[in-house]
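Colleague: Quick one: the structure is below, and I'll ask about it shortly.
No value in this document is a laboratory result; all are computed from the given coordinates. Not measured: the values here are computed from a predicted model. Cβ placement follows ideal geometry from the backbone for every residue including glycine, while neighbour counts extend to all protein chains displayed.
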Amino acid sequence: MISREISPGVFILELEGQKRLATRSDDIVPVYGERIQEGYRIWDPFRSKLAALLLKGRSARPLLERDAKVLYLGAATGTTVSHVSDIVRDGLVYAVEFSPRSMRDLIRLCEKRNNIVPILADASRPEEYASLLEPVDLVYQDVSSRNQAEIVSNNCARYLKPGGELIFMLKTRSVDVTASPEAVLQAERKKLQGLDLLPVLDLLPFHQDHFAISGRKS
Ligand SMILES: C[S@@+](CC[C@H](N)C(=O)[O-])C[C@H]1O[C@@H](n2cnc3c(N)ncnc32)[C@H](O)[C@@H]1O
């Protein structure tokens, strides 16, 4: 098996003639049924928007350093969080999720890893977890609610370090099902204040009506 590190802790494997994205973990038990091969956890772009983004061209720049601190909004049961946790081995992932049901599974994952802080909270009220957080290097958001742009904007204003990065997975249908995805994208992008935005990538063919908006805090 051939492996190439495209960013700290993120690998492209050549497996049975196919290129697959992966992270490395000491854990040999799958988190969500993913394939594990010689210590590499295969990262499925159809299950994770961050994996889709990396495969669509984000890989030209390093994603995260090993000691980075990440605020992850919309952690769900931890599918993508688990790969971010693999990447920031010496850092921390603050994982915010407001569904108690998803949080139960997320806590099971946290019990096996010492770099995820689970936070049961509503990301639209960032002041409620102020006592648990420190300034972070990356704010990553995947919450698919109507006020996605306001949520990410407020969290970046509070918790993103100057020069830190934002990755915002915008689901346009959650904002307005009647408007065109392009019109929603342009309107939501304008709501992001205090950030130098990079060109937007759509996540097709992996995720329909989803756009990755990236940027840096000025
Ligand atoms: C699309 S799922 C996230 C999938 C996850 N990011 C992954 O890749 O493994 C969206 C999640 O955001 C959560 N969510 C939605 N609005 C939220 C809010 N205001 N605060 C916290 N979590 C929220 C939902 O409960 C759901 O678990």
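Colleague: Sorted by mean Cβ packing within 10 Å, highest first, what order do the peptides 146-153, 125-132, 98-105 take? Write out the running numbers ahead of the final one.
Modeller: Values: 146-153: 20.2, 125-132: 12.5, 98-105: 14.8.
Top of the packing list down: 146-153, 98-105, 125-132.
Colleague: In addition: Can you tell me how much longer the chain between Leu132 and Val29 gets when fully stretched, taken as 0.36 nm per residue apart minus their C-alpha distance, in nm with one decimal?
Modeller: Fully extending the segment from Leu132 to Val29 adds 34.2 nm.
Colleague: Ok, one more. Taking the number of other C-beta atoms within 10 Å as the exposure measure, put Met169, Met1 in order starting with the fewest.
Modeller: Met1, Met169
Colleague: Next question, about the same structure. For segment 183-194, take each phi angle, set θ = phi - 60°, evaluate the Karplus expression 6.51 cos²θ - 1.76 cosθ + 1.60, and give the result in whole Hz per residue in order, putting x for glycine and proline.
Modeller: 5, 5, 4, 4, 5, 5, 4, 5, 7, 8, 9, x
Colleague: Shifting gears a bit: When all C-alpha to C-alpha distances in the chain are sorted into bins of 10 Å, what percent of pairs does each bin hold, rounded to whole numbers?
Modeller: Taking every Cα pair in the chain, the percentages come to 8, 35, 39, 16, 2.
Colleague: To continue, here is another question. Just give me a number: lysine pairs in the chain, eight or more positions apart or cross-chain, with C-alpha atoms less than 21 Å apart.
Modeller: Here the count comes out as 15.
Colleague: Follow-up question, since we're still on this one. What's log10 of I(q)/I(0) for segment 2-43 at q = 0.14, 0.35 Å⁻¹, Debye sum over Cα points only, no solvent?
Modeller: With no solvent term, the Cα-only Debye profile gives -0.27, -1.29.
Colleague: Rule-of-thumb check for segment 82-173: C-alpha Rg over 2.2 N^0.38 Å?
Modeller: 1.06
Colleague: Set the Förster radius R0 to 30 Å, insert the Cβ-Cβ distance between Leu197 and Ser174 as r into 1/(1 + (r/R0)^6), and round the FRET efficiency to 0.05.
Modeller: Approximately 0.90, to the nearest 0.05.
Colleague: Kindly provide the helix-only [θ] at 222 nm of the chain, computed as the sum of -39,500 (n - 2.57) over DSSP H runs of four or more divided by all residues, to the nearest 500 deg cm²/dmol?
Modeller: Computed ellipticity for the chain at 222 nm equals -7000 deg cm²/dmol.
Colleague: Provide the packing ranking of 27-38, 205-216, 170-181, i.e. peptides ordered by the mean count of other C-beta atoms within 10 Å per residue, highest first.
Modeller: Result, highest mean Cβ count within 10 Å first: 205-216, 170-181, 27-38.
Colleague: What is the antiparallel percent of DSSP beta bridges lying wholly in the chain, to the nearest 5?
Modeller: 60 percent
Colleague: If Lys and Arg each add +1 and Asp and Glu each add -1, what is the summed charge of the other residues whose beta carbon sits under 13 Å from the beta carbon of Lys49?
Modeller: Working: positive: Arg47, Lys56, Arg58, Lys171; negative: Asp44, Asp142, Asp202, Asp209.
It works out to a net charge of 0.
Colleague: Between Ile36 and Arg61, what's the calculated FRET efficiency when r is the beta-carbon distance and R0 is 30 Å? Round to 0.05.
Modeller: According to the calculation, E is roughly 0.65.
Colleague: Here's something else I'd like to know. What number, in percent, do you get for the relative contact order of segment 103-206 if the mean sequence gap of Cα pairs under 8 Å and at least 6 apart is divided by its residue count? Present the calculation step by step, with values, prior to reporting the outcome.
Modeller: Details: 91 pairs, mean separation 24.4, N = 104.
Dividing the mean separation by the residue count of segment 103-206 yields 23 percent.
Colleague: For a label point 7 Å from the Cα of Glu111 along Cα→C-beta, name the residues of segment 47-78 whose backbone N is under 17 Å from it.
Modeller: The answer is 77-78, whose backbone nitrogens lie closer than 17 Å to the label point.
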